[in-house]
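Let me begin by presenting the structure, written as structure tokens, before commenting on it.
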Amino acid sequence: MAKDYVAQMFDVSGKVVAITGGGGILCSVMAEALAKAGAAVAVLDLRQEAAAEVAKKIASQGGRAVAVCVDVLDRQSIEDACKQVVDALGPVDVLVNGAGGNKKEATTSPELSFFDLPESAIRWVFDLNCLGTIMPSQIFCRAMAERGAGNVVNISSMSAFHPLTKVLGYSGAKAAVSSFTEWLAVHMAQEYSPKIRVNAVAPGFFLTEQNRFLLVDEKTGQPTARGKSIIDSTPMARYGEPAELLGALLWLISDASSFVTGTVLAVDGGFNAFSGV
Ligand SMILES: NC(=O)c1ccc[n+]([C@@H]2O[C@H](COP(=O)([O-])OP(=O)(O)OC[C@H]3O[C@@H](n4cnc5c(N)ncnc54)[C@H](O)[C@@H]3O)[C@@H](O)[C@H]2O)c1
């Protein structure tokens, strides 16, 4: 009885979820988990092969998934992807805006000062994280507005709360993602339907390809000074595991969080709460 009660509250079975960046490290884990929980998942990624791989794995485990190639910075590509998802799986209940990332050249280092950061790299990081969240939301939320129901989960970052040293482009871009999350939550609830909720997950530190160059010495494989500093600043004293984002995601897209919108939820081992002293 108690088990059923909780299961019902967190039930996402039958939902159609579109997840951008679904071929990547964190979002592929999310896609697989959502499928295991009974959702039909559209794995959207610029890297078609990576998306196909994830969809194949889901199908091999008995889940329902489709891989769709998308460039979250190209309106036509997103429109086409959205249509493909709807044709394959039906109307989209949940959009997870996971596509994002950082670039070494938008990050200061002993070799690259703030004064010399190339505009093209800063623009690339801003566009991918910020516009790459706004544009899919514009396209997928139109149908949610018409149906009067829907759910969006953006992926923000610790660098949105307080900018991380060195990481200029990404910190600004993710701050914009958090701001957009709040903005869209209010806009959707007031202009269209209070049943359209918009939230974000802000992961703490997970060792992935986008930050490995900052956290692990390429030559020795040992943690960099920055890597050590992150662990020292994380009260739980470790990196997160991608699977540790899943509880937050399931909570946000299920009725368990039915009164929650406009929230940026930190999943960070306490990093954001720690003053350093
Ligand atoms: N790894 C971390 O510690 C961490 C921390 C906080 C936030 N995040 C965020 O989590 C999300 C996933 O990150 P990840 O670490 O899994 O990175 P990842 O690089 O493994 O995944 C990102 C995916 O986005 C795809 N992508 C890139 N450009 C695209 C485009 N124009 N159109 C469509 N897809 C595109 C990539 O092909 C890739 O599969 C990102 O938004 C990232 O900024 C990661």
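No lab work stands behind these numbers, since they all come straight from the coordinates. Keep in mind that what you see is a predicted model, and the values were worked out from it rather than measured. Virtual Cβ from ideal backbone geometry, glycine too; neighbours counted across all protein chains shown.
Structural remarks
- Cleavage-rule hits (GluC sites (Glu not before Pro)) in region 186-277: DSSP loop, at most 10 neighbouring Cβ within 10 angstrom: Glu218
- Measuring against 24 Å, Cα to Cα, the residue pairs Lys104/Lys228; Lys15/Lys174; Lys103/Lys219 contain Lys15/Lys174 as the ones spanning a longer distance.
- Length added when fully stretched, Leu73-His162, from 0.36 nm per residue minus Cα-Cα: 29.4 nm
- Short to long, the 5 Å bins of the Cα pair-distance histogram for region 178-269 hold 3, 13, 18, 17, 14, 12, 9, 7, 4, 2, 1 percent of all pairs.
- Measuring between their Cα centroids, region 3-20 and region 89-156 lie 25 Å from each other.
- Exposure proxy order (Cβ contacts within 10 Å, fewest to most) of Glu111, Glu53: Glu111, Glu53
- Kirkwood-Stokes translational diffusion coefficient of region 47-201, alpha-carbon pairs, 10 °C, 1.306 mPa s, µm²/s: 95
- For Ala42, the residues whose modelled amide H falls within less than 5 Å of its own, excluding neighbours fewer than 5 places apart on the same chain, are Val17, Ala18, Ile19, Val66.
- The residues Ser156, Ser77, when put in order of fewest to most other Cβ atoms within 10 Å, stand as Ser77, Ser156.
- Neighbour counts of other Cβ atoms within 10 Å put His162, His187 in the fewest-to-most order His162, His187.
- Here Lys3 is the anchor, and the lysines within straight C-alpha reach of less than 18 Å, apart from those fewer than 8 places off in the same chain, are Lys36.
- The aspartates and glutamates whose alpha-carbon is closer than 15 Å to the alpha-carbon of Lys166, local same-chain residues fewer than 8 away aside, are Glu105, Glu111, Asp116.
- Radius ratio Rg over Rh of the chain, counting only Cα atoms, Kirkwood formula for Rh: 0.97
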